1. Of the residues that sit in the range 94-140 and are over 10 Å from the mean Cα position of the chain (by Cα) and aromatic (F, W, Y), which one is surrounded by the fewest Cβ atoms within 10 Å (Cβ to Cβ)?
2. Write out, first by first residue and then by second, each pair whose Cβ atoms fall under 9 Å of each other, whose residues are 6+ apart or on separate chains, and whose first residue, in the range 159-184, is assigned by TED's automatic domain parsing to the domain that holds E138 and within 12 Å of E133 (Cα to Cα) while the second is more than 16 Å from ligand 1 (Cβ to nearest atom) and β-branched (V, I, T).
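The values are calculated or read from the model by the stated rules, or taken from the named source; none is laboratory data. Fair warning: this is a prediction, and the values are worked out from it, not measured in the lab. Methodologically, a virtual Cβ is constructed for each residue, glycine included, from the backbone with ideal geometry; neighbour enumeration extends over all protein chains shown.
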Amino acid sequence: MADSGFATQLTATATITISIRDVNEAPVLTGAQLSSLENVKSGTKLTPAVGSNAIMASDVDAADRNALVFSIDSGNDLNLFRIDAATGEISTVRAVSMDFETQSSYRMVVKVTDKGGLSATASVTVTVQDVNEAPWLEQPPVNASMKAHVASSVVITKFIGRDQDSGDSLQYFLQGPNADIFSSVRCEES
Ligand SMILES: [Ca+2]
Ligand SMILES: [Ca+2]
Ligand SMILES: [Ca+2]
């Protein structure tokens, strides 16, 4: 400020203090594509799929940075998964948690909340990878009887093999001390 009414100009200064009040800002969450083999045991952590990062959250407020809380907002209807509230890591809950043949992918919405109650959500997909599972005989071994001196190609007994994996074809073999008497096993689809 200055006046100009006289030969000598006078000036005055004042200091103004502007205080900026911190306002809480919402966290930011990045979703992920996760992956797991089927049939993994409870507590197995899901890993990022090829080309994807893990779930990541950030918050511009310094006080919130290490205090973000993760939760699964929706999509976990079967309670197959749990999320670590502090790290955002997702792991399986149930003993046989995911069956590729029943469902090969899941989609969930994950939420992160800061101390002030502001939140962000992002989607997470879980891809289940197929594992070859052992076949089984539907009918357990039985004692079969037959008459002596029968012609060849007589059906003595029948076993039905099953396999969970849709792409598998089954082969049947006889094992044991007398296996060579019964020369061939015929497989029939049923
Ligand atoms: Ca915040
Ligand atoms: Ca399988
Ligand atoms: Ca199989």
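1. Across the range 94-140, the extreme among qualifying residues is W136.
2. So the pair list comes out as D165/V131.
For every residue, the table says whether it meets (1) at pLDDT below 95; (2) under 15 Å from Q129 (Cα atoms).
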site	(1), (2)
D22	yes, no
P27	no, no
P48	no, yes
A63	yes, no
V96	yes, yes
S105	no, yes
